Amino acid sequence: MNVSVMQENLARGLSVVSRAVSSRSTLPVLSNVLIRTEDAGLKLTATNLEIGITYWVPGKIDSDGAITVPAKLLTDIVAGLPAGDRVDLELQAGDTLRIRCGRFETHVKGIDAEEFPAIPAAAERPTTRISQKLLRQALTETTFAAASDEARPILTGVLCRFEGDLLTLAAADNYRIAVKSIPTLDPVEETSIVVPARSLNELSRVLADVDDPVDVVLAQSKNQIMFHLEGIDLVSRLIDGQFPNYQQVVPKSHTTRSVIDREDLLKAVRLAALIASSAANIVKLGVGVDGDPSVVVTAAAEVGDNEGKVEATVEGDGTTIAFNARYLVDVLQNVSADQFALELNGPLSPGVFRPIGDDAYTHVVMPVRTTS
């Protein structure tokens with residue numbers, strides 16, 4: 001193998017695929033990145049067996065070949081080379097990669113490419129296509145609500161329900177639910193799959209804030225999903241199991257509804273959380289209490305107390321409800337609407353956050369029982 005690429009292109013490619021490199025595998029090759037000449041350039045691939053990312057780097061090929069080398073070492077070496085210079089990669093003696101750039105030359109020992117797991121390639125015809133901008137926003141607004149605890153593996157994933165020309169994403173742990181629907185560019189038969197939230201977080205990193213589509217390919221065996229955009233493929237395994245029926249938990253009506261400025265409420269909750277952090281992270285929201293058309297955010301602990309008043313419009317009964325401050329901050333900082341509607345049914349029922357102007361998003365947060 002003998003190929004020449006630009007330093008910035010190679011550095012960018014390595015930074016993207018390195019996100020898929022395994023950090024805890026007993027297989028040494030999974031700590032490596034596969035480098036292969038293909039289609040007038042260099043094809044970089046990394047995987048941890050849950051997610052695989054492939055990135056094409058344009059370049060000039062003098063001879064073909066393939067090798068795997070330690071991903072972190074190669075990434076650090078390339079990052080340290082002069083920006084804007086040409087990098088020459090040459091495979092020597094079967095398992096050594098020579099890296100030359102200007103006055104610098106490095107030799108790195110690798111592992112034979114044949115030992116690297118096979119990663120599916122993009123099919124000729126996608127199952128559907130979705131605007132990168134819309135999908136990226138939908139992932140930002142949902143994946144944070146997925147569980148990080150592996151006790152219930154199904155909840156570490158995001159339910160992706162394709163129905164006609166609509167994709168509905170739903171993420172949940174035991175305390176909250178985030179649901180977002182976006183249009184697809186091609187209709188799909190009704191299909192539901194669960195994709196690891198970690199995979200979708202990596203996808204959101206490579207999606208651009210443009211309307212150009214990303215191709216979505218569902219494997220015939222229904223055990224993998226692939227996302228393809230120009231120069232990048234991301235493949236993820238799916239999670240087996242039945243995702244909970246989240247629709248049963250979303251309240252169908254409310255007795256109190258307030259409309260609040262998102263930034264104002266976020267600021268009030270963050271301030272209260274500084275006190276609440278030493279008291280189980282509990283903050284209370286008083287909504288329209290005693291006819292006051294505002295939302296009062298309070299927290300109390302041994303270290304002190306805090307109260308913040310946020311202007312709002314309030315309809316219905318006044319009520320007070322307690323939440324974990326972290327769950328409120330998460331939804332308020334990840335959903336970019338100017339205003340939210342908060343719908344409540346008293347202190348013991350879930351609170352529903354709906355961004356004003358976006359009927360396609362719903363966020364449910366479970367209340368915290370308090371002694372007072």
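All of the numbers you see were taken from the coordinates with simple rules; none came from a lab. Quantities reported herein were computed from a predicted structural model and do not represent experimental measurements. Quick reminder, even Gly has a Cβ in these numbers, built from the backbone with ideal geometry, and neighbours come from all protein chains shown.
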### Task
Name the residue farthest towards the positive end of the dipole of the chain from the options SER204, ALA46, ALA279, assuming +1 on Cβ of Lys and Arg, -1 on Cβ of Asp and Glu, about the Cα centre.
ALA279
### Phi-based couplings in Hz for segment 219-234 (Karplus 6.51, -1.76, 1.60; Gly and Pro marked x)
5, 4, 7, 6, 10, 8, 10, 10, 10, 10, 9, 4, x, 9, 10, 10
### Task
Report, largest value first, the span of the C-alpha coordinates of segment 83-131 along each principal axis, in whole Å.
47, 32, 13
#### Entry: Descending Cα extents along the principal axes, segment 251-365, whole Å
40, 31, 23
### Task
Provide the per-residue ³J(HN,Hα) series for segment 58-64, in order, calculated from phi with Karplus coefficients 6.51, -1.76, 1.60 and θ = phi - 60°, each as a whole number of Hz, with x at glycine and proline positions.
x, x, 10, 9, 9, 8, 7
### Query
Helix 7-17 sits at what angle to the longest principal axis of the chain, using alpha carbons and giving 0 to 90 degrees rounded to 10?
50 degrees
### Summary
For the chain, the longest principal axis of the Cα atoms and the Cα long axis of helix 197-206 enclose an angle in degrees, to the nearest 10, of 70 degrees
### Amide proton proximity set for VAL87, modelled H, under 5 Å, gap of 5+
VAL5, MET6, GLN7
### Query
Let a ≥ b ≥ c be the square roots of the eigenvalues of the Cα gyration tensor of segment 243-298; is it rounded (a/c under 1.5), or, if not, prolate (a/b larger than b/c) or oblate?
oblate
### Qualifying lysines (Cα of each under 18 Å from Cα of LYS72; at least 8 residues distant if same chain)
LYS43, LYS109
### Task
Could you state, as a whole-number percent, how many of the C-alpha pairs of the chain are farther apart than 28 Å?
54 percent
### Query
If you put +1 on each Lys and Arg Cβ and -1 on each Asp and Glu Cβ, how big is the dipole of the chain around its Cα centre, in Debye rounded to 20?
640 debye
### Query
Short version: ³J(HN,Hα) in whole Hz for each residue of segment 158-166, in order, from phi by Karplus 6.51 cos²θ - 1.76 cosθ + 1.60 (θ = phi - 60°), x for Gly and Pro, what are they?
10, 5, 10, 10, 8, 8, x, 9, 10
### Query
When only C-alpha pairs under 8 Å and at least 6 residues apart count, what is the relative contact order of the chain, in percent?
12 percent
### Query
If you place +1 on the Cβ of every Lys and Arg, -1 on the Cβ of every Asp and Glu, and leave all else neutral, what size is the dipole of segment 219-372 about its Cα centre, to the nearest 20 Debye?
520 debye
### Task
Pull up all non-local amide H partners of THR127: gap of 5 or more, or a different chain, and H-to-H distance under 5 Å with H placed in the peptide plane.
VAL216, VAL217, LEU218
### Centre separation in Å (Cα based) which lies between segment 40-82 and segment 240-316
47 Å
### Summed residue charge, Cβ within 10 Å of GLY288's Cβ, Lys/Arg positive, Asp/Glu negative
-3
### Task
Tell me the label-point distance for the pair VAL250, VAL303, using the 7 Å Cα-to-Cβ offset, in nm and rounded to one decimal.
3.7 nm
### Query
Leaving out same-chain residues fewer than 8 places away, which lysines sit with a Cα under 18 Å from that of LYS309?
LYS267, LYS284
